[in-house]
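Before any comments, here is the structure.
The values are calculated or read from the model by the stated rules, or taken from the named source; none is laboratory data. For clarity, every value in this text was computed on a predicted model and none was experimentally measured. Heads up, the Cβs are rebuilt from the backbone with ideal geometry, glycines too, and the neighbour counts pull from every protein chain shown. Just the protein is used for accessible areas: all its heavy atoms, side chains included, with ligands, DNA and RNA removed. Shrake-Rupley method; radii C 1.70, N 1.55, O 1.52, S 1.80 Å.
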Amino acid sequence: MEYTILILLLPLLSFLFLGLAGMKLKPAAAGLVGTAVLGVVTLLSCCTAFEYFTAGRDAAGAFPTLIPRNAVWLPISRTLHIDMGILLDPISVMMLVVISTVSLMVHVYSLGYMKGERGFQRYYAFLSLFTMSMMGLVVATNIFQMYLFWELVGVSSYLLIGFYYTKKEAVAASKKAFIVTRFADLGFLVGILFYGYYAGTFSFTPEVRLLAAAGEMANAPETVFGAFLNADMRYPDAVDSEGKPHALSQSTFVPLEESGDRALRKSAYENLYNTLGGMRNTAAGLLDAQNKQQKFFATARKYGSAREAAMDRTNVPVAVYDNLIEAVHRNMDKMHRYVRLRKKLLGVDELHFYDVYTPLLKDEPAKIPFAQAKQTVYDALYPLGDSYRAILKEGFENRWIDVYENQGKRGGAYSAGTKVHPFVLLNYSGSLDSQFTLAHEMGHALHSYLSNKHQNQIDSDYVIFVAEVASTCNEVLLMRHLLKKTTDKKQRAYLINHFMDQFKGTVYRQTMFAEFELAMGKMAESGQALTADALCQKYHALNKLYFGPDMVSDDQIALEWARIPHFYYNYYVFQYATGYSAAIALSRRILREGESAVQDYLGFLSGGCSKSPIDLLKGAGVDMTSPEPVNQALALFGELLDEMEELTRE
C-alpha cells in the first residue's frame, strides 16, 4: 500500500497551490481544484480500506498493523528518535475513509454555500490543510508525530474560525480557541517528553514490528506438521481378511476404517498409530511449539490467555467455550448409550476405536440422481419461505454449482461467497451423504448471498463462529423432511443413523477436541512442557470419559492427537459444536413457530458481521451464552437414540 502517502501529500499540495497561486484563479476554479483533489483522496482511502480488510489476518487471527512508510526524522539518541510515517490498523484505516468522505462532502457543499465570499480561494486552501492534518493525526506512527499533526489541526482550525478576519467576533473566537487549546497542548507535550524518556520510544506500538516479523515464524509448527504428516510419513499397507494389501495414508485411513472388513480396519488402525508412535516426540514437540507461539502472541497483546485472544477476535465470550464443555459433560450418558448401541448392532464382544467409522447398517439406499437431490432439498427447505427458496432455485438453475468429480478437481465440497453470487464446488456421487452435502453447501451459499446483499464490504464477511449455522440448519431441515416422508423401518433407521453420526462427530468429538486443546493451553501457560507422555495421558483419559465403559480405550488411541490438524488452528474446533447446536435450536424454532422465526432467521443470515455473532444469534432467538442450545441439541440426540433402539430391537 505504498500509495497511501498520496492521501497526505495531495491535500498538502492542494493547500500550497491554492495558498500561493489560488488568487490567480477564478473562485470557482479554485473550489473545483480543492474538491477534485479531495475526490481522489477519498478514492485512495476507500482503496486502502478495501485492500487492507481483504488481505487477511495475521497468525494470531487479528488484522495486522502495517507501516508502509516510515523514516527517522529527528534522531535524539541511538535508541530514541522521532519518526514520520504512516501506520495502518483497523481504526486508522476506517478513519481515513470517514475523514476523507466527510471532507469531500464539505468541499462539495461549500461550492454553493461559500459562493461569492471574499477569499473563496483562501477558504479552500485552509480546508485542504485541515483535511491533511486530520488524516496525518490518525495514521501517525508515534505519539510525537500525532502531536505535530494535532498542532496543525489547531492552526487550520484557527484559520478557518478566523476566516472572516474583518469581523471582530470571528477574530476573537479564533484567538480564544487557539490560545486555550495551546495551554492544554503544553501539558500534552510535557507528557509526551516524559513518555519518551521513561519508555525509551515515542512509538505507539514498539512491539508491532517484532510481532509482524514473528508472524511467519509463528506459522512454522503448522507448516512443519503438514509436511511431516502428509508428505514425509509412510505407513505399512493395511491387510484385509483375505491377505490383500491396501495402501495406507492419511487420506485413505478413514475410508479403510469405514470398511465392513474388521480385519482390514484393525490392520489400518494399528499400522497407522504404531507408525505414528515412532514419531511421537516429534509430534509433541510441534504441538509444544504451537502452544508456545500462541501464548507469546497472547501475552504480547495483553490477553490473559491464548484462548481469550483467539475468541476475542470474533467477539465470543470465553464462557461460551466453558458452557459447551459443561453441557456435553452433563449429557455424556447419551454418548455412552450410542456407543453401547453401536456395540450391539455390530455384534462384537469388544468395541474398539477401529469400529467407530464403519456403518451400523449395511444396506445403503439406491443412488440419488442430482436432479432428484435438488428437488428434495428444495422441498425440504419449504419452511424457510418463498424468498429463500427463490434464491436457492436461482443457484440451482444458473450454474452456481460445479457438480461432479473431474480430473484435477480438488476433493470435498466448498462454497465461495463472491460478490457476484456464490460459487459451490461439489463432488456429487449420488449417495445420501452427497445429498446432505448439497443442502449444506447451499446453506453457506445463501448465507453469503444475503450477507453480501444487505451489508457493506467490511461487514459482509461473517465470522467462523456462525459460519456452520446456516449450512447445518439446512441439513437438519432436510433430515426432518426425509424422516417425515417415510415410515419404512429400514429407511428410517438408515436416516437416523446418519443423523446420530453427525451428533457424535460434530458435537461430542469436537467438544472432546476442544477440551483437549484447553488442557494443552493450560499446560503451556503454567510452563509445563507438552511431552508425548503428558499428551497421551490426557488424550487417553478424555477418550475414556467420552466413549464410556463399552469402548475399549487401547493404547493406540492415545496417539490420535498426533494426526489432528485442528490443534494448530488456535481454539477453532469448539465452533463446530456450538454452530451445530445453534442450528438445531434454530431449525426447531422455525418448524415450531413458523413465519416469525423465519424472519428472525433471515435477519441473522443477512447480518454478516454487522453485530457480534452472539448478538446475531440472539436476534434469531438463540442465546449461545447459555448452555440451553447445547442441551436442546443433545436432548434431540437422546430422542433419536430412543427411536433407533426401538427400530433395532429384536
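Filter the GluC sites (Glu not before Pro) in the range 361-428 to those in DSSP coil with at most 15 other Cβ atoms within 10 Å of their Cβ, and list the result.
Details: sites: Glu394, Glu397, Glu405; in loops: Glu405.
Answer in residue order: Glu405.
Just want to confirm a number: the relative contact order over the range 119-174, from Cα pairs under 8 angstrom separated by 6+ residues, in percent. Write down the numbers at each step before the final one.
Working: 44 pairs, mean separation 17.1, N = 56.
So the answer I get is 31 percent.
Given a cut-off of under 8 Å on Cα pairs at least six residues apart, what relative contact order in percent is computed for the chain? Write out the running numbers ahead of the final one.
Working: 883 pairs, mean separation 87.7, N = 650.
Reported as a whole number, the value is 13 percent.
Principal axis lengths of the chain from Cα atoms, whole Å, largest first?
In descending order, the Cα extents are 102, 59, 46 Å.
DSSP loop (so not H, G, I, E, B), at most 13 other Cβ within 10 Å: list which GluC sites (Glu not before Pro) in the range 247-302 pass both filters.
Details: sites: Glu257, Glu258, Glu270; in loops: Glu258.
Loop-located and lightly packed - Glu258.
Given R₀ = 41 Å, FRET efficiency for Ala172-Ser596 by Cβ-Cβ distance, to 0.05?
On the way: r = 61 Å, r/R0 = 1.48.
Once rounded, the FRET efficiency stands at 0.10.
Can you compute the helix-only [θ] at 222 nm over the chain? Use -39500 (n - 2.57) per DSSP H run of at least 4 residues, normalise by all residues, nearest 500 deg cm²/dmol.
Numbers: 25 runs with 410 residues, N = 650.
Value at 222 nm, helices only: -21000 deg cm²/dmol.
Specify the angular offset, from 0 to 90 degrees and rounded to the nearest 10, of the alpha carbon long axis of helix 318-330 from the longest principal axis of the alpha carbons in the chain.
Roughly 10 degrees between the two axes.
Round to the nearest 10 and give me the degree value, 0 to 90, for the angle of helix 262-277's Cα axis relative to the longest principal axis of the chain.
Taking the Cα atoms of the chain, the angle to 262-277 is about 40 degrees.
Among bridges DSSP assigns within the chain, what percent are antiparallel (round to 5)? Don't skip to the end; give the middle numbers.
Numbers: 13 of 16 bridges.
Looking only at bridges with both residues in the chain, the antiparallel portion is about 80 percent.
Taking 22 Å as the cut-off for C-alpha to C-alpha distance, list the pairs among Lys393/Lys611; Lys266/Lys334; Lys374/Lys485 that go past it. Intermediate values should be presented prior to the final figure.
Numbers: Lys393/Lys611 29 Å; Lys266/Lys334 26 Å; Lys374/Lys485 16 Å.
Pairs exceeding the cut-off: Lys393/Lys611; Lys266/Lys334.
Extension gain Leu6-Ala55, at 0.36 nm per residue separation less the Cα-Cα distance, in nm? Walk me through the numbers before you get to the answer.
Values: separation 49, 0.36 × 49 = 17.64 nm, distance 2.04 nm.
Between Leu6 and Ala55, full extension yields an extra 15.6 nm.
What's the angle, to the nearest 10 degrees (0 to 90), between helix 464-485's Cα axis and the longest principal axis of the chain?
Here the helix axis deviates by roughly 40 degrees.
For every other residue with a beta carbon closer than 13 angstrom to the beta carbon of Gln528, add +1 if it is Lys or Arg and -1 if Asp or Glu, then tell me the sum. Display every interim value, and only then the final one.
Numbers: positive: Lys292, Lys295, Lys522, Lys538; negative: Asp288, Glu525, Asp533.
Its environment carries a net charge of +1.
Measuring with a 1.4 Å probe in the full set of protein chains, what accessible area per residue, in whole Å², belongs to the chain? It would help to have the intermediate numbers written out before the result.
Details: 30030 Å² over 650 residues.
Per residue, the chain has an accessible area of 46 Å².
Along the charge dipole of the range 238-282, which of Tyr273, His246, Ser259 sits closest to the positive end, that is, farthest toward it, with unit charges on the beta carbon of Lys, Arg, Asp and Glu (+1, +1, -1, -1)?
The residue sitting farthest along the positive end of the dipole is Tyr273.
Would you work out if the range 364-448 is rounded, prolate or oblate? Take a ≥ b ≥ c from the square roots of the eigenvalues of the alpha-carbon gyration tensor; rounded if a/c is under 1.5, else prolate when a/b is larger than b/c, oblate otherwise. List each step's numbers first, then the result.
Numbers: a/c = 2.04, a/b = 1.13, b/c = 1.81.
It is oblate, given that a/c is not under 1.5 and a/b is not larger than b/c.
Can you pull the percent of the range 521-650's accessible area that's carbon plus sulfur, 1.4 Å probe, other chains left in place?
48
Suppose a student asked you for the relative contact order of the range 1-70, using Cα pairs under 8 Å spaced at least 6 residues apart; what percent would you report? Write out the running numbers ahead of the final one.
On the way: 32 pairs, mean separation 31.9, N = 70.
Dividing the mean separation by the residue count of the range 1-70 yields 46 percent.
Give Lys409/Lys453; Lys409/Lys538; Lys292/Lys504; Lys344/Lys544; Lys484/Lys618 a once-over and call out the pairs whose C-alpha atoms are over 27 Å from each other.
Details: Lys409/Lys453 29 Å; Lys409/Lys538 39 Å; Lys292/Lys504 31 Å; Lys344/Lys544 19 Å; Lys484/Lys618 29 Å.
Lys409/Lys453; Lys409/Lys538; Lys292/Lys504; Lys484/Lys618, as the Cα separations exceed 27 Å there.
Given a Förster radius of 30 Å and the C-beta distance between Tyr378 and Ile464 as r, what FRET efficiency does 1/(1 + (r/R0)^6) yield to the nearest 0.05? Mind dumping the intermediate values first?
Numbers: r = 28 Å, r/R0 = 0.92.
Approximately 0.60, to the nearest 0.05.
Just to be sure I follow the definition: excluding the sites themselves, where is the longest run in the chain that has none of the chymotrypsin sites (Phe, Trp or Tyr not before Pro) in a DSSP loop with at most 13 other Cβ atoms within 10 Å?
Working: sites that count: Tyr165, Tyr404.
Excluding the exposed sites themselves, the longest stretch runs over 405-650.
When the convex hull of the Cα atoms of the range 372-517 is projected onto a plane and the area is averaged over all directions, what value comes out in nm²? Present the calculation step by step, with values, prior to reporting the outcome.
Values: hull surface 42.3 nm².
One quarter of the hull surface, i.e. the mean projection, equals 10.6 nm².
I'd like the carbon and sulfur percentage of the solvent accessible area for the range 68-194, probe radius 1.4 Å, heavy atoms only, ligands and nucleic acids excluded.
For the range 68-194, the apolar C and S fraction of the accessible surface comes to 73 percent.
How much length, in nm to one decimal, is gained on full extension between Ala263 and Asp333, taken as 0.36 nm per residue of separation minus their Cα-Cα distance? Could you put the intermediate results ahead of the total?
Numbers: separation 70, 0.36 × 70 = 25.20 nm, distance 2.98 nm.
Extra length from Ala263 to Asp333 when fully extended: 22.2 nm.
In whole angstrom, how far apart do the alpha carbon centroids of the range 432-467 and the range 258-278 sit?
What the calculation gives is 37 Å, centre to centre.
With equal scatterers on the alpha carbons only and no solvent term, can you work out the Debye log10 of I(q)/I(0) for the range 491-627 at 0.16 1/Å?
-0.96
Hey, rough spin-label estimate for Lys611 and Cys47, points 7 angstrom out along Cα→Cβ, what's it come to in nanometres?
3.7
Assuming 0.36 nm per residue, please report the length gained on full extension of the stretch Val180 to Lys485 beyond their Cα-Cα distance. The partial results should precede the final answer.
Details: separation 305, 0.36 × 305 = 109.80 nm, distance 7.80 nm.
Contour length minus the Cα-Cα distance gives 102.0 nm.
Would you mind checking which residues have amide H under 5 Å from Met114's amide H? H placed 1.01 Å from N; only 5 or more apart, or other chain.
none
Please compute, over every Cα-Cα pair in the range 233-384, the percentage with a separation greater than 27 angstrom. Provide the component values of the computation, followed by the final result.
Working: 6637 of 11476 pairs.
For the range 233-384, the fraction of Cα-Cα distances above 27 Å is 58 percent.
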